[in-house]
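Notes to accompany the following structure.
The values are calculated or read from the model by the stated rules, or taken from the named source; none is laboratory data. It should be emphasised that the depicted structure is a prediction, and the values quoted were computed from it without experimental measurement. Cβ: placed from backbone, ideal geometry, glycine included. Neighbour counts: every protein chain shown.
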Amino acid sequence: MAPDFKLSSVKRRNFTGSWIERMARWMRMLPDDLMPAIDDFGRDAVYEAAAVRVVDVLYRRWLRVRTFGFENVPPEGRALLASNHANWLALDAMMITIAIQLYHPAHREVRALVDRFTAKLPWWSVFLARTGNVLGCPENALRLLERDELILVFPEGARGATKPLRERHHVMRFGEGFARIALVTGAPIIPVAVEGFEDLHPVLHNAKKLAKKIGLPDLPITPTFPWFGLLGLVPPPIKCFIEFGRPIPTDGFKPGAAEDREAVIKLAEKVRFIVQNLREHLRARRKSLVSG
């Protein structure tokens, strides 16, 4: 059974067929004082260090991600990254995380809050949990921000990642939860736009009825999946883009603003509007799917 990213530690699993796992086991031969512990969300620092090497190849060589606006991500302190959601395998979350972890001057750790759909995918959910991703819920977001961590949320939710082909360039209405949490914690909101990820696994149809029968909330049908099995999940070499917008401060709002639904809705819509504009800016940069 896949982990559900609860607040308690995620049970560790042994995947002997994975060379990432073998590399992680080799790294665990280091002295105990050099070994970071698995945290209370299930993040395995040793496993993550091995996985980062693989994901970085995907970032640099395969998807050739271009990232703009690093200067808008603070080098320290709590902050909330709010992005459009464009890939139901959470490749957008992975690439945003890698961009900041490896290429931001401060090399910050990012904790992405992923939707419940990914938390139910066998093996993949384990990979996400062990590389620092967390189930998206208010309790987890508050807990991480109170630690002054940098978190990544997708206010469109799973519906954003599984939107039909004809709507893939539209940023859907944002939920209110992220804005309320930012107001409660005083964390600045950094709008983030991703472009190109929606073309990696374009959704032709969401087979929800079949999904329920196999215990999944969604079952996206793409041009390659499920027709080619697991090979259908391999992303094509489409160039992708990320842009971080200017931070929106929240510590200047009046006390109790988090309980003012009108203020929360206005803040959420303001962020959505900025993300949509950033995305249009990125789309204008694209000349073709492959070369960008």
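Residues in region 222-252 that are touching a helix residue (DSSP H, G or I) at 6+ places or on another chain (Cβ under 6 Å) and more than 25 Å from residue 195 (Cα to Cα): 250 alone.
Being more than 30 Å from residue 57 (Cβ to Cβ), of a type in the set (A, V, I, L, M, F, W, C) and surrounded by fewer than 18 Cβ atoms within 10 Å (Cβ to Cβ) is a property that residue 214 has.
Report yes if residue 175 is assigned to a loop (DSSP other than H, G, I, E, B) and either surrounded by fewer than 19 Cβ atoms within 10 Å (Cβ to Cβ) or not hydrophobic (A, V, I, L, M, F, W, C) (or both), otherwise no. Considered against the rule, which asks whether it is assigned to a loop (DSSP other than H, G, I, E, B) and either surrounded by fewer than 19 Cβ atoms within 10 Å (Cβ to Cβ) or not hydrophobic (A, V, I, L, M, F, W, C) (or both), residue 175 comes out as yes. One residue stands out among those in region 47-99 that are basic (Lys, Arg) and modelled with pLDDT of 95 or more: the one that is farthest from residue 267 (Cα to Cα), which is 61.
Let's see how each residue does on (1) surrounded by 20 or more Cβ atoms within 10 Å (Cβ to Cβ); (2) not in a helix (DSSP H, G or I):
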| residue | (1), (2) |
| --- | --- |
| 47 | yes, no |
| 59 | yes, no |
| 71 | no, no |
| 77 | no, yes |
| 92 | yes, no |
| 96 | yes, no |
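How many residues, within region 178-199, are assigned to a strand (DSSP E or B) and closer than 18 Å to residue 166 by Cα? Counting residues in region 178-199 that are assigned to a strand (DSSP E or B) and closer than 18 Å to residue 166 by Cα gives 2. Screening 255, 202, 235, 226 for residues that are assigned to a loop (DSSP other than H, G, I, E, B), under 19 Å from residue 94 (Cα atoms), without any contact (Cβ under 8 Å) to a residue 40 or more places away in the chain and not small (Gly, Ala, Ser) leaves exactly one candidate, 202. Would you confirm, using the coordinates I've provided, whether residue 147 is more than 24 Å from residue 233 (Cβ to Cβ), charged (D, E, K, R) and buried (at least 17 other Cβ atoms within 10 Å of the Cβ)? Criteria not met by residue 147.
Conditions tested, residue by residue: (1) closer than 18 Å to residue 279 by Cα; (2) at pLDDT 90 or above; (3) not acidic (Asp, Glu).
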{"site": "154", "(1), (2), (3)": "yes, yes, yes"}
{"site": "167", "(1), (2), (3)": "yes, no, no"}
{"site": "173", "(1), (2), (3)": "yes, yes, yes"}
{"site": "176", "(1), (2), (3)": "no, yes, no"}
{"site": "181", "(1), (2), (3)": "no, yes, yes"}
{"site": "185", "(1), (2), (3)": "no, yes, yes"}
{"site": "199", "(1), (2), (3)": "yes, yes, no"}
